Amino acid sequence: MYDILETVNSPADLRRLSDKQLEKLCEEIRRYMVECCAVNPGHLGSSLGTVELVVALHKVFDTPKDKLVFDVGHQAYAHKIITGRREAFRKNRQKDGISGFPSRKESQYDAFGAGHSSTSISAALGFAEAARLMGTGEKAVAIIGDGALTGGLAWEGLNNAGSSKSDILVILNDNNISIDQNIGALHNYLLQFTTHPFYNRLKNKVWNSMGESKAREWLQKRVIDTKSNLVRSSGGALFESLGFRYFGPIDGNDLEQLVATLQRLRNLHGPRLLHIHTRKGAGYAPAEANPTVWHAPGRFDPVSGERIKQIRTADRYQDVFGQVLLELAQKDERVVGITPAMASGCGMNIFAEAFPDRFFDVGIEEGHAVTFSAGLAAAGLKPFCNIYSSFSQRAYDNIIHDVALQNLPVVLCFDRAGLVGEDGATHHGCFDLAAYRSIPNATISAPRNEVELKRLMFTALNSAGGPFIIRYPRGCGEGTPWKEAEYEELPVGKGEKLLDGKQVAVLGIGPVVNRALAAAKRHKADYWVGPAVYDMRYLKPLDVEILEEVSKYRAILTVEDGTLKGGLFGAVSEYFAGRPDAPIIKGIGIPDRFIGQDSQKGQWESCSLDEESILDMLIGMMKQ
């Protein structure tokens, strides 16, 4: 079924193939990728588009000695398949399987781990400078997409690499714009000419023969100006102004041209940037027709391309957010929406369609998104800035310096908080509760269901100032009738008692409260007595009235889907620290380790955040 692919167990096998066999290999990799992702979903579209690029890179470069640094990792499925992980790819993103992203602990061919964007250039620059200092002669290549290039870190890396004259090759994979054939012909000619060994030997010989003279300086300037004018139409002048030699654009799905170009560029030195165009979803018609949907399509029929609909037990939190934001904006013209390239993922596309002038997708720029929101708030608007929880970590300074310090009313909605499932450690929203609790002027909240999310957004809209954080998980809610629920303000710093009990008090925050409540009710049904359960709702400010009330209990159990260290458990422990009459305090939360890929339920079980584990803890505590 896979005549060529099954013979490729490493890049060394690939390098022995003929040009015709390499073309066949690309075809089989695509087919295999579609076959696997149809039953085991992943990030498909981008990886389909980079098959030829990955094959060409491993053909030309001496991997793993030469370092290939992938940005984000959405482009790296073919890389995994041809570097000894073909069969393991069938368990991509599953428990005990391989990660959906490059991982240093997984393979020697994964030079640098990446799950967040815009890191590749900085990391590859590190490899390039290390190779120079140690004299190893290793090559460093950064592969970055046009989306990831919007990230500020990418431009910091470009600026540093260009000014340091490091021996680094950056490949810009642009999969949004098709190649204009007329312009492409000129650029293809220029590319062949400027990468040709004879041209570069002659150029260096001419410059060396002229020495450090005024004539050389004048002539070099004229040559550079002429070349920059020729590449300006493709954006090359911008990269050349940063100190890079710019090449391209070329067709990134033309294997023959890629191999020839990379062979020439490998033998050049200094900062080089190759601009390629690929088709997202290339080689699979449904993915090419709708690249946004097929970025991560879920399960589908590999033959027809028909996507298999997921059965949802309730509305997703992201959809609740989107609809509520729309309703708030309809009532208050000050409401604006900001997201760093996650409009559909966070549900803000609903708002964007209705209010395009009040919607801002700033690209993959989390720090900018927050400071931009602060500027909007300072001008009198009411910004709702939605960022995935794990990505909010990149805006930590902006939240402190630009929002909290100035006490500006920015609503920060952290989607994908807690454990997120198959994307694994790079994407879990584990650290937000602990990270932001120490910031003055901050309000930190977590709804236990959809109605609470709706009301917290309304509360945040009417808040006086400071960052108002609302964090909620990935996936479906609890099925509460949120559409019929009235808009009500939830007093800041006030929780709610959900269940009376004796001896032990459970203090929870976020949707995990529902599992704690179910466990407590089961305990009461089985043993005729059970713990009290409280939804704290706000981590900051804490409801001290509830804390004083539960101080009379023998023991307290905190439950949270954030890190056990520094979150609710830390806050409650700090409150009672030093009190001689303090109750015993135990906590359930995410332990002090990175949690690997698995289903959300599997991850809850591994962290004792499922109903059964909470019940087991309560049984033990009630017996003591």
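The values are calculated or read from the model by the stated rules, or taken from the named source; none is laboratory data. Note that the structure is predicted; figures quoted are calculated from it, not measured. All Cβ positions, even for glycine, are placed from backbone atoms using ideal geometry, and neighbour counts span all protein chains on display.
In the list Tyr534, Tyr487, Tyr527, which residue meets the criterion of being modelled with pLDDT of 95 or more, more than 18 Å from Val320 (Cβ to Cβ) and among the aromatic types (Phe, Trp, Tyr)?
Of the residues listed, the single one that is modelled with pLDDT of 95 or more, more than 18 Å from Val320 (Cβ to Cβ) and among the aromatic types (Phe, Trp, Tyr) is Tyr534.
On the given criteria, is Arg93 of a type in the set (Lys, Arg) and at pLDDT 95 or above?
No; evaluated as a whole, the condition is false for this residue.
Is there a residue in the stretch 485-495 that is surrounded by fewer than 24 Cβ atoms within 10 Å (Cβ to Cβ), at positive phi and touching an Asp or Glu at 6+ places or on another chain (Cβ under 8 Å)?
Among the residues of the stretch 485-495, at least one is surrounded by fewer than 24 Cβ atoms within 10 Å (Cβ to Cβ), at positive phi and touching an Asp or Glu at 6+ places or on another chain (Cβ under 8 Å), which makes the answer yes.
Among what's in the stretch 367-413 and is charged (D, E, K, R) and touching a Leu at 6+ places or on another chain (Cβ under 9 Å), pick the residue that is nearest to Met342 (Cα to Cα).
Arg394
Among the candidates Lys165, Lys105, which residue alone is within 27 Å of Arg264 (Cβ to Cβ), of a type in the set (Lys, Arg) and over 18 Å from the mean Cα position of the chain (by Cα)?
Lys165
Since Gly578 meets every condition but one in (1) free of Cβ contacts under 8 Å to residues at least 24 places away in the same chain; (2) under 15 Å from Cys430 (Cβ atoms); (3) surrounded by fewer than 15 Cβ atoms within 10 Å (Cβ to Cβ), which condition does it not meet?
Result: Gly578 fails condition (2) only.
When you scan the stretch 110-137, how many residues do you find that are buried (at least 20 other Cβ atoms within 10 Å of the Cβ) and either over 16 Å from Val72 (Cβ atoms) or in contact with a Cys (Cβ under 7 Å, 6 or more places away or on another chain) (or both)?
4
Which condition from (1) over 21 Å from the mean Cα position of the chain (by Cα); (2) surrounded by fewer than 18 Cβ atoms within 10 Å (Cβ to Cβ); (3) modelled with pLDDT of 90 or more is the one that Ile311 breaks?
Evaluating Ile311 over (1) over 21 Å from the mean Cα position of the chain (by Cα); (2) surrounded by fewer than 18 Cβ atoms within 10 Å (Cβ to Cβ); (3) modelled with pLDDT of 90 or more leaves (3) as the failure.
Of all residues in the stretch 592-624 being assigned to a loop (DSSP other than H, G, I, E, B) and touching a strand residue (DSSP E or B) at 6+ places or on another chain (Cβ under 8 Å), which is surrounded by the most Cβ atoms within 10 Å (Cβ to Cβ)?
Once the filter is applied, the top-ranked residue is Leu609.
Among the listed residues Ala378, Ala374, which satisfies the condition of being hydrophobic (A, V, I, L, M, F, W, C), surrounded by fewer than 16 Cβ atoms within 10 Å (Cβ to Cβ), under 20 Å from Leu461 (Cα atoms) and more than 21 Å from the chain's Cα centre (by Cα)?
Testing whether each residue is hydrophobic (A, V, I, L, M, F, W, C), surrounded by fewer than 16 Cβ atoms within 10 Å (Cβ to Cβ), under 20 Å from Leu461 (Cα atoms) and more than 21 Å from the chain's Cα centre (by Cα) leaves just Ala378.
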